[in-house]
Every structure is written in C-alpha cells, then in structure tokens.
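A.B. asks: Mind looking over this structure? Questions follow.
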Amino acid sequence: MSATAAEVTKTTENTFRDLQIAAMNELRCTVEAMGINVYDVRTGVDSLKGEGITRAMLWPGAGVGGHCLTKDTYHLERGVQVLGKDLLDYPAGEPSLYVLARHVNDFMPVHMLNLTRQGLKRVGKQLSGARIALLGWAFIANSDDARDPPSEPFREQAITAGARVVVHDPWVRSVPGVEIEHDLSRVLSQADAVVIFTGHSQYRSLDPLTVKKLCGTSRPVIVDGRNVIDPDAFIRNGFVYKGIGRGDKNGHPLAE
C-alpha cells in the first residue's frame, strides 16, 4: 500500500478502538439513568455468539488516555479535510462520528467528577474543601505509562473546584508538576472521597473496613471508574458508592 494508506491504517485502528470505547461510555450514560448495570448488559450481548455473529464490546471507564487514541482521530479527520474535502460525501451538517466519539471519551473525567460531587452531597459535603484520594495516575492498568491520562483533567478540575487531591500510583514513579505518593495508607488517610481511575491489581483487593478506618469518617465516598471493587461490600460497611455504568447501585440506600 502507499505511505498515505499505511498512515490511514494506523490511525483508523486507533480511531475505531476509541469509537468502540465511546459506544460503551455512551451506553453507561443510558443505563445509569435507567438504573441498570452496564456490565450485565455487556455480558448478555457478549453471549450472543454463533456463526457469522461477532460482538466487539469493549469496556466503559473513567476515560481514555495514552499518546495514540487521544490524537489519531484528529489526524484521520485532518487527512480527509486536506486530501479529500471536496469529494467527501457525508450527511450535510452532521458532526463526524469519530470526533463525537472523542468528545464522549473526553467527557468521562467530567462524569467522574460529577459522580464524586453527587457522592459527597449524599453525606452533606461539598467538593470545595473535600480531600480526595485519587487512585491511579497511569492510563492503563499495571503500567507506568502516564501519557495523557484521564486522571489529569479530573485532578485539575477538582482542584479548581476547591478540593484537595492526593494521588497514589504503585507503578508511576514521578510526573512533572504532580506529586505521586506510593504509600496507599497515607493517601487514604482522612479522605472524604476515594476515586479509582486506574484498574491496578492493588486496587482490586481494597478492604472496605481498612479503607474506612484510614478515611476516619463514618460515611466515606468511593467512586469506581474501572469496576474493580465489589459495590455491596463497601455499601454494607457504610460507604456511599458511585460507579461507572452502575445505575443499579448508584442510588443505593445508605447503610445504617
């Protein structure tokens, strides 16, 4: 193939993966509003297998990061605007499906902040003045890859809103302008809200009683952006739980 076709192949692969993630992130929006578990829906759709049937369903989450997926959609769009704008036969006035998908994925850190704010409101607290334990800076689980992580805009927006954000990551050693703490206990200490941004294995074994004791409050908030904890275990132990795509749990009754 030509050099141009090769570049389009590369950007298309990343653009299509970004589109698949955005489809799930939009589905999480639907099921959260309807009080449904997005992971149940995903499992049901994924079970529809047979000859000629494929279901390429990825996962919703706190956002998309990395150097490639966050930019390749715009490279692909720029390519067609430069090389084929006058020949592009597309519904008039409609936005690019690929760019819309980018916007959906870029919105997820905002949604995480909204969930955090909603959780704090349930316990009579505001985002301003709250201490947030942000768990995970890398954009991919069990990796130190910290290029363009969705945790970054979340942190910036939370700080702008008046929150104090303390970051933990067991893999990322340092980030310019951001203090990365490697002692999880210190990060959880006196936290009003615990917000999970990366699906590191360490976070899958979080113990509700231990986390609650470190937070030092009778009703801490936990926001799961990667579906790595058991909501019921935390709810039973007095947490206010919020999770991506967990419409079945996000409005749970508060434990006595």
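The values are calculated or read from the model by the stated rules, or taken from the named source; none is laboratory data. What you are looking at is a predicted structure, and each value in this text was computed from that prediction instead of being measured. No Cβ is skipped: glycine too gets one built from the backbone with ideal geometry, and neighbour counts run over all protein chains shown. Accessible surface areas use protein heavy atoms only, side chains included; no ligands, DNA or RNA. Shrake-Rupley method; radii C 1.70, N 1.55, O 1.52, S 1.80 Å.
A.B. asks: Please go through (1) assigned to a loop (DSSP other than H, G, I, E, B); (2) over 18 Å from ARG131 (Cβ atoms) for GLN202 and return the number of the only condition it doesn't satisfy.
C.D. replies: It is condition (1) that GLN202 fails.
A.B. asks: If you don't mind, there's one more thing I want to ask. Enumerate the pairs (first residue in region 57-83 and more than 30 Å from ILE196 (Cβ to Cβ); second residue anywhere and open to solvent by less than 10 Å² (accessible area, probe 1.4 Å)) with beta-carbon separation below 7 Å, excluding pairs fewer than 6 apart on the same chain, so at least 6 apart or on different chains.
C.D. replies: If the second residue must be open to solvent by less than 10 Å² (accessible area, probe 1.4 Å), the pairs left are HIS75/THR11; LEU76/THR11; LEU76/THR15.
A.B. asks: Being surrounded by 14 or more Cβ atoms within 10 Å (Cβ to Cβ) and part of a loop (DSSP other than H, G, I, E, B): is that true of GLY79 here?
C.D. replies: When the stated conditions are applied, GLY79 does not pass them.
A.B. asks: Another one. What's the total number of residues in region 39-64 that are in contact with a Lys or Arg (Cβ under 7 Å, 6 or more places away or on another chain) and crowded, with 18+ Cβ neighbours inside 10 Å?
C.D. replies: 3
A.B. asks: Mind checking which residues of region 211-249 are open to solvent by 20 Å² or more (accessible area, probe 1.4 Å) and assigned to a loop (DSSP other than H, G, I, E, B)?
C.D. replies: Result: GLY216, THR217, SER218, ARG219, ARG226, ASN227, ASP230, ASN237, ASP248, LYS249.
A.B. asks: On the given criteria, is TYR74 modelled with pLDDT under 95 and either surrounded by 12 or more Cβ atoms within 10 Å (Cβ to Cβ) or of a type in the set (Val, Ile, Thr) (or both)?
C.D. replies: For TYR74, the condition - modelled with pLDDT under 95 and either surrounded by 12 or more Cβ atoms within 10 Å (Cβ to Cβ) or of a type in the set (Val, Ile, Thr) (or both) - is met.
A.B. asks: May I ask you to list the residues in region 95-112 that are open to solvent by 10 Å² or more (accessible area, probe 1.4 Å) and either in contact with a strand residue (DSSP E or B) (Cβ under 8 Å, 6 or more places away or on another chain) or outside any loop (DSSP other than H, G, I, E, B) (or both)?
C.D. replies: LEU97, TYR98, VAL99, LEU100, HIS103, VAL104, ASP106, PHE107, VAL110, HIS111
A.B. asks: Can you tell me which residues in region 176-199 are farther than 21 Å from PRO60 by Cα, among the β-branched types (Val, Ile, Thr) and either part of a helix (DSSP H, G or I) or open to solvent by less than 10 Å² (accessible area, probe 1.4 Å) (or both)?
C.D. replies: VAL187
A.B. asks: Is one or more of the residues making up region 167-175 touching a residue at least 12 places away in the same chain (Cβ under 8 Å), open to solvent by less than 60 Å² (accessible area, probe 1.4 Å) and in a helix (DSSP H, G or I)?
C.D. replies: No, region 167-175 contains no residue that is touching a residue at least 12 places away in the same chain (Cβ under 8 Å), open to solvent by less than 60 Å² (accessible area, probe 1.4 Å) and in a helix (DSSP H, G or I).
A.B. asks: Could you tell me how many of the residues in region 113-145 are open to solvent by 30 Å² or more (accessible area, probe 1.4 Å) and either touching a Phe, Trp or Tyr at 6+ places or on another chain (Cβ under 7 Å) or of a type in the set (S, T, N, Q) (or both)?
C.D. replies: 7
A.B. asks: Looking at (1) open to solvent by less than 10 Å² (accessible area, probe 1.4 Å); (2) modelled with pLDDT under 95; (3) small (Gly, Ala, Ser), which one does ALA255 not meet, given that it meets all the others?
C.D. replies: (1)
A.B. asks: Hey, another quick one. Here are the criteria: (1) open to solvent by 50 Å² or more (accessible area, probe 1.4 Å); (2) within 22 Å of SER151 (Cα to Cα). Tell me which single one LEU69 does not satisfy.
C.D. replies: (1)
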